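Reading through the C-alpha cells given below for one structure.
The values are calculated or read from the model by the stated rules, or taken from the named source; none is laboratory data. Being a predicted model, the structure only gives us computed values, none of them experimental. Note: ideal-geometry Cβ built from the backbone for every residue, glycine included; neighbour counts use all protein chains shown.
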Amino acid sequence: MIRVHGTCIALSGEGVLLRGPSGSGKSDLALRMIDGGALLVADDQTELRRSGDAVIATPPAAIAGRIELRGVGILPCACIDQVRLCLVVDLVVPGAVERLPEPRSQSYFGCPLPLLALAPFEASAPAKIRFALRQLHDAPGWATAAGREDVA
C-alpha cells in the first residue's frame, strides 16, 4: 500500500485520482464533481493498493467521509470505501495545459493508468473528466497509444 497526495472520486464506479499540491484545487474540483453525481472516496490523501491487475483507491481511516472546503471547513460527505482507479488527473495552471497533448500514463504497482493534465478551476474541467472516462470505454488503449509511461 502507498499513500499519495491526492483526492479520489468515483464516477459510475470508476475512480479518478486528482493530484496536485495544497491549494491546487483538488477538493474544489471534487466538490463540483460530487455536486454532479460523483461520490467521494478520499480527500487530500488516498491510499492505493494492487488487487490483481487493478489499482484500488481507499481513504485513510482518519479522514474517511470528510472533505475540506476552503472558507467553509472540514465537513462530513457521503463516500464509498473503495474504487478501482481508472484515471489520474494532474491539476496544473491553465498555461501548463497542452492544447493537443500526446497520450500519457501513470503507473502504480506496474499498472498503467491514463494521465491527464487539466486546469481545475475551468468551468469545463468536470465535463473533460467525464468525457475522458467515456473515451476509455470507446477506445481501449487510449492513454497508452503513444507507448509512454511515467512511473511513480
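Among residues that are at pLDDT 95 or above, surrounded by fewer than 19 Cβ atoms within 10 Å (Cβ to Cβ) and hydrophobic (A, V, I, L, M, F, W, C), Ala54 is included. Taking the criterion of being of a type in the set (A, V, I, L, M), surrounded by fewer than 18 Cβ atoms within 10 Å (Cβ to Cβ) and closer than 14 Å to Val83 by Cα, the only residue of segment 57-71 that qualifies is Ala64. For Ala61, the criteria (1) under 20 Å from Ala117 (Cβ atoms); (2) among the hydrophobic types (A, V, I, L, M, F, W, C); (3) free of Cβ contacts under 8 Å to residues at least 60 places away in the same chain hold in every case but one, which is (1). Within segment 12-34, the set of residues being crowded, with 24+ Cβ neighbours inside 10 Å and of a type in the set (Val, Ile, Thr) comprises just one member, Val16. Screening Ala30, Ala57 for residues that are of a type outside the set (S, T, N, Q), outside any strand (DSSP E or B), in contact with a Ser or Thr (Cβ under 7 Å, 6 or more places away or on another chain) and within 22 Å of Tyr108 (Cα to Cα) leaves exactly one candidate, Ala30.
Mind listing whichever residues of segment 92-117 are among the aliphatic types (A, V, I, L, M) and either without any contact (Cβ under 8 Å) to a residue 60 or more places away in the chain or under 17 Å from Leu11 (Cα atoms) (or both)? Across segment 92-117, the qualifying residues are Val93, Ala96, Val97, Leu100, Leu113, Leu115, Leu116, Ala117. In this structure, Val92 does satisfy being at pLDDT below 95, crowded, with 17+ Cβ neighbours inside 10 Å and β-branched (Val, Ile, Thr).
Quick one: which strands (runs of 3 or more DSSP E) sit completely within segment 72-113 and have at least 1 residues that are over 17 Å from the mean Cα position of the chain (by Cα)? Walk me through how you get there before you give the answer.
Values: elements: 73-76, 83-91, 104-108.
Answer list for segment 72-113: 73-76.
Selection of segment 6-27 for residues being of a type in the set (Gly, Ala, Ser), touching a Lys or Arg at 6+ places or on another chain (Cβ under 7 Å) and in a strand (DSSP E or B) yields Gly6, Gly15. Would you confirm whether or not segment 127-135 contains a residue that is more than 19 Å from Thr7 (Cβ to Cβ) and either at pLDDT below 80 or touching a Leu at 6+ places or on another chain (Cβ under 7 Å) (or both)? No. Of everything in segment 98-126 that's aliphatic (A, V, I, L, M) and within 28 Å of Met1 (Cα to Cα), which residue is surrounded by the fewest Cβ atoms within 10 Å (Cβ to Cβ)? Applying the filter and picking the extreme gives Ala117.
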